[in-house]
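> One structure is given below, represented as structure tokens, and several questions about it will come after.
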Amino acid sequence: MRKFILAASVAAAGLLASGGAFAADGKSICFAYQTLETEFWVAGHKAITKSLADKGIEVIEVNANEDANRQLEQVRDCITQGVDGIIIIPQDGESVIKMIAEANEAGVPVAVFNRPPNPSNPNDAIVVVADNVAIAEAAVEHLTKEARALNLDRKVQPLIMVGALADTNAIGRREGFFNVINANPDLYAEPIEVPTEWDATVALANLESAMQANPDVDVIFTSSDFLFPQIRAVLLQQGRWAPSGEESHMILGGLDGDVTACNLIREGYVDSTGVQDLFFEADSTVEALLAAIESGDKTPNQMINDKGFALTQDNEPERHADMWGCVLADQ
């Protein structure tokens, strides 16, 4: 564990609101996150710590390194230290329920960033989350438009790389994908599901096996953009890594809106990605938690929903600056 205030350049891009006045003297926030493996988590980490630092708040950071039991102990330690509030990026939607319960019992307001507790959660928290179903639907709708343009003499074969299904985000993204697939039964064959467990090595091995068994896949949707390098590696082996307009192009889509996805859309390899408004989510997390602390609400219960959007090859020139990954790519 270490205490520090992080200086970052995110706010310089005009992406975080300064918020209202807040009595920061002596205030401390525990920021407990499960990992910084992906660009999304790194960017969210920077946005949250920068927003808190700008308000003069001490940030106590703890990294669980993808160990839910360790994260629970870290949250308990933060409570023992007497922090004024807790922000959690949990390992999964189930393990965070116990963390929220202990914060409620101790009277420490808690906010959960982007990875919500499972619906069985009976406890009180500020939950800031992307509407994963709607965002996935938007991305896959564009893939469907491209799939119809193929004019194949057979049904289009879709494949989804499924996230860890202990994670509510992964469940919502899968649901959004299947909503669009099932709404187009004349177009699509039964989808192939490739488990990834949010692990790049697992994803690579399973996708290789799936593509060897099903070489006629026409559309791939990854539940997270961070797996595009693994998709690229597999498609290169099959001669299917090509920009749109070329005969061997694989229709590709994802969700998150990271730097890699932004660059691949610009280059024509990826057709669409569902974008989480990361900066809105980070700012909303901080502002809601600080408002609860200021008002003395020790068990705030609030859901803040990020509707997001789909960035596509068609709208990229107009919506480029709205996607966090494109903004970071330009810095």
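> As an exercise, identify the GluC sites (Glu not before Pro) in the stretch 209-269 lying in DSSP coil whose Cβ has no more than 15 other Cβ atoms within 10 Å. Mind dumping the intermediate values first?
Working: sites: GLU246, GLU247, GLU267; in loops: GLU246, GLU247.
Taking the stretch 209-269 and a limit of 15 other Cβ atoms within 10 Å, the loop GluC sites (Glu not before Pro) found are GLU246, GLU247.
> Cα-based Rg of the chain per 2.2 N^0.38 Å, rounded to two decimals?
Against the compact-globule rule of thumb, the ratio is 1.03.
> Classify the stretch 16-121 as rounded, prolate or oblate from the Cα gyration tensor: take a ≥ b ≥ c as the square roots of its eigenvalues, call it rounded if a/c is under 1.5, otherwise prolate when a/b beats b/c and oblate if not. Each step should come with its number before you reach the end.
Details: a/c = 1.72, a/b = 1.25, b/c = 1.38.
Oblate, since a/c reaches 1.5 and b/c is not below a/b.
> Right, another one. Let's test this: bin the Cα-Cα distances of the stretch 160-278 at 5 Å from zero up to the farthest pair and state each bin's percent.
Going out from 0 Å in 5 Å bins, the stretch 160-278 shows 2, 11, 22, 25, 23, 13, 3, 0 percent.
> Which loop trypsin sites (Lys or Arg not before Pro) in the stretch 103-194, with loop taken from DSSP, have no more than 11 other Cβ atoms within 10 angstrom of their Cβ? Write out the running numbers ahead of the final one.
Numbers: sites: LYS145, ARG148, ARG154, LYS155, ARG173, ARG174; in loops: ARG154, LYS155.
When the trypsin sites (Lys or Arg not before Pro) of the stretch 103-194 are filtered for loop state and at most 11 Cβ neighbours within 10 Å, ARG154 remain.
> Right, next: What does the charge dipole of the stretch 159-301 about its Cα centre add up to, to the nearest 20 debye, if the Cβ of each Lys and Arg holds +1 and the Cβ of each Asp and Glu holds -1? Walk me through the numbers before you get to the answer.
Details: 6 positive and 23 negative charges, 44 e Å.
Using only the charged Cβ atoms, the result is roughly 220 debye.
> To check you understand DSSP bridge types, tell me what percent of the beta bridges within the chain (both residues inside) are antiparallel, rounded to 5. List each step's numbers first, then the result.
Working: 6 of 44 bridges.
In the chain, approximately 15 percent of DSSP beta bridges are antiparallel ones.
> Any idea what angle helix 68-81 forms with the longest principal axis of the chain, computed on alpha-carbon atoms, 0 to 90 degrees, nearest 10?
Roughly 20 degrees, rounded to the nearest 10.
> Where in the stretch 130-167 is the amide nitrogen less than 14 Å from a point lying 7 Å along the Cα-to-Cβ axis of MET303?
Only 130-134 fall inside the zone, counting backbone N under 14 Å.
> Next question, about the same structure. Can you list residues whose amide H is under 5 Å from GLN313's amide H, if they're 5+ apart or on another chain and H is modeled 1.01 Å from N?
Those qualifying (amide H under 5 Å, at least 5 residues apart or on another chain) number zero.
Laboratory data are not the source of any read-out in this text; all were calculated from the coordinates shown. Keep in mind it's a predicted model, so treat the numbers as computed, not measured. Cβ coordinates were reconstructed from backbone atoms using ideal geometry, including for glycine residues, and neighbour counts include every protein chain displayed.
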